[in-house]
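See structure below.
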Amino acid sequence: MAQSKLEIKNLHVSIEGKEIVKGLDLEVKTGEVHAIMGPNGSGKSTLAYTLMGHPRYEVEEGFVEIDGVDILEMAPDERARAGLFLAFQYPMEVSGVTVANFLRTAVNAHRGEGNELSVTEFAKMLREKMELLEMDPSFANRYLNEGFSGGEKKRNEILQMAMLQPKFAIMDETDSGLDIDALQIVSNGVNAIKGPNMGVIVITHYSRILRYLQPDYVHVLMDGKIVRSGGKELAETLEEKGYDWIREEIESGRA
Amino acid sequence: MSVEMSTALTEKRINELAHEKAEPDWLLDWRLKAFRAFEAAKLPKWDRTNIDFIRFETIEPFRAPAFSGDGKDLPADLQKVVQSVDEDGALLIQLDSGIAFRQLPKELAEQGVIFTSLEEAAREHPELVREHLGQVILPDEDKLLALHAAFAAGGAFVYVPKNVKVKQPLQFYVYSETDGLGLFPHILIVADEGSEVAFVDSYRSGEADNHIVSQAFEIVAKDNARVTLGTVQGWGERTVAFHTRRARIGRDASVKLTLGELGSQLTRSSNRMFLDGDGSEARALMVFFGDQEQHLDVGLVMTHVGEHTTSDMLTKGVLKDKARGVYRALTDIEDKARNTTAFQRENTLVLSPEARIDAIPGLEIEETEVQAGHAATVGQIDEDELFYLMSRGLTEQAATKLVVDGFFDPILQRIPLESARVELQALIDRKMLR
């Protein structure tokens, strides 16, 4: 499969008139893992929601393209079918809809009419992916996210990612609220899924998850812009020194 | 001698029809008395549901095309129904005002089970019909019920003798493809002591669906009887329908009702159960779904009379487009109905800003030793919920359908009659996809 490219150029985003993302550039290719780190309020989640097309986020300027195709005019479902995926920080509960039913609907929506998976093919695929994430089979029959623990919700997001096999997956603070065991399972799952045909953007506050996911690039997002980019050693520096030193460097004009 | 046929609502027409159908005199008298009540009464006035537009002079009260009886000359929809029922299934089909198909397995007939049109029952089993007809729903209660009694045609009469347990559900279909027709199918179910029966009734229209319906559905569950009912109302989009269903429940008897109100332009569905006997039980699961400019007015009343009685009502409704829903529920616990347990819950999901629900739950308690509660909620699909589902590749329509299916799922899972559940789901799917 040819390498794909997600390109974000000069992106400006506002919510209810307030600008949150202020000229962001980023290029991600399939096979790469990018980490976006930043303090609270820097615009990390806004970036995630904007890329996926949440109606509350207004793009004021810039473009986002997958392989040269503008996705900003697309509805969220079209973006999903174009290969984008967002693992939510706070997944929604949908009562009365089982995980299995939801996943089958979603997988078949991606595959398109006339190309749906048979019930047995789907069941096999679901079983494999659930084993990968060390999930109990009974999980498939539970209502989507209803009554799930924080860890179960996150694992369920990664299960969806595994089933939908996107070109580009954004993980929005997937590590938050996970204990160390759950974090390892989720990370191992992501490492097994990603391969050369998936680009991953890991949005996080902490470097903890990055020890497992081994990013190729680390970007620091502050006040709506990427202010530093580097390799995974940048994450270690942030872990040691926090974000303030970067802010000081920027303010003193050495940026 | 040829008789000039009148299509208007007249005493003369009632006489002619009774003559044609060779009905007993007592039934004709009953009809004429009802007709006089119809003429004397004014249209009922209900808050939130206005029916002043009804023009009685345009209603044709009876039309019964002839059919061979083997089912092969029925409209395609009904042929499918006939084919879906195997040899030991019991099925009665009313097309317009007449019975077009009937099947009752020999085994049931030999046990004394009666399942036929009300008219035939009045001829063949006059004592049984006369004893129970119009006892639960009085023929002169209001103008629409009086019109129903005067012209009741087709319909179903069910009698299950003492301690007989009918395994397969009895199925009754009413279908019309005639504009301007008045449809008055009367259902009378008498479940004798210790008997068990399930009854499924379904209402559909063909292309020409501009009919008016007034129905009385009477249920008598005698001591220790178990009655399970599944109604799917799927009238065409120009039909105006008035359904009155009422049950009297004896000692330690139970009636379980599943009701789907989905069709019609306007429906007033008025349902009531009397828990007369000590230890009696009533359960109602109701689903309504209005779209376009539909008006669905659904009511449920549980009247507790005996001691140690239990009632439970669960209603779920969805409204989209410009549909209007009215939900009226009352738990009515009479004096001396000690140790009553009664619950009612209702949830509506409103899919459009132009759709509207009025939910009016109520409790009237004249006895202190009771456990009773009610709850009604109205919700919308959350923007974030829709976004979440769409982010997985589902179109807005598919995402909405998934939420609606999930909303109905808990109630559909509880429906004890498979065929009613399948039919309801099919009607819900059709509404979601148009």
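The values are calculated or read from the model by the stated rules, or taken from the named source; none is laboratory data. None of the values given here were measured: they were computed from a predicted structure. Because the Cβ atoms are built from the backbone with ideal geometry, glycine has one as well, and the counts that use them run over all protein chains shown.
Of note:
- If you go through the range B:367-407 and pick out every residue that is among the aliphatic types (A, V, I, L, M), under 22 Å from residue A:85 (Cβ atoms) and assigned to a helix (DSSP H, G or I), you end up with 7.
- Criterion: of a type in the set (Asp, Glu) and either within 10 Å of chain A (Cβ to nearest Cβ) or exposed (fewer than 15 other Cβ atoms within 10 Å of the Cβ) (or both) - qualifying residue of B:383, B:367: B:383
- Residue check: residue A:146 meets all listed conditions (1) surrounded by fewer than 20 Cβ atoms within 10 Å (Cβ to Cβ); (2) of a type in the set (D, E, K, R); (3) not in a loop (DSSP other than H, G, I, E, B) but one, namely (3).
- Annotation note: of B:331, B:377, B:315, the sole residue that is under 24 Å from residue B:272 (Cα atoms), within 14 Å of chain A (Cβ to nearest Cβ) and not charged (D, E, K, R) is B:377.
- Residue within the range B:297-307 that is out of contact with any Ser or Thr (no Cβ under 6 Å at 6 or more places or on another chain), buried (at least 24 other Cβ atoms within 10 Å of the Cβ), closer than 27 Å to residue B:413 by Cβ and touching a residue at least 40 places away in the same chain (Cβ under 8 Å) present: yes
- Extreme residue, nearest to the other protein chains (Cβ to nearest Cβ), among residues of the range A:101-121 that are of a type in the set (A, V, I, L, M, F, W, C) and surrounded by fewer than 18 Cβ atoms within 10 Å (Cβ to Cβ): A:117
- For the range B:386-420, a residue qualifies if it is crowded, with 20+ Cβ neighbours inside 10 Å and more than 22 Å from residue A:99 (Cβ to Cβ), and the qualifying residues are B:415, B:417, B:420.
- Any pair with Cβ under 7 angstrom, 6 or more apart, that starts in the range B:110-131 at a residue that is in contact (Cβ under 8 Å) with a residue 40 or more places away in the chain and ends at one that is exposed (fewer than 15 other Cβ atoms within 10 Å of the Cβ) and part of a helix (DSSP H, G or I): B:130/B:26
- Among the residues of the range B:10-42, those that are of a type in the set (Lys, Arg) and either surrounded by fewer than 18 Cβ atoms within 10 Å (Cβ to Cβ) or within 15 Å of residue B:140 (Cβ to Cβ) (or both) comprise B:12, B:31, B:33, B:36, B:42.
- Residue in the range B:390-407 that is under 21 Å from the mean Cα position of the chain (by Cα), at pLDDT 95 or above and of a type in the set (D, E, K, R) present: no
- Strands (runs of 3 or more DSSP E) fully within the range A:26-94 counting 1 or more residues that are within 14 Å of chain B (Cβ to nearest Cβ), at pLDDT 95 or above and surrounded by 17 or more Cβ atoms within 10 Å (Cβ to Cβ): A:57-66, A:84-87
- Set B:346, B:307: member being touching a Gly at 6+ places or on another chain (Cβ under 8 Å) and within 21 Å of residue B:361 (Cβ to Cβ): B:346
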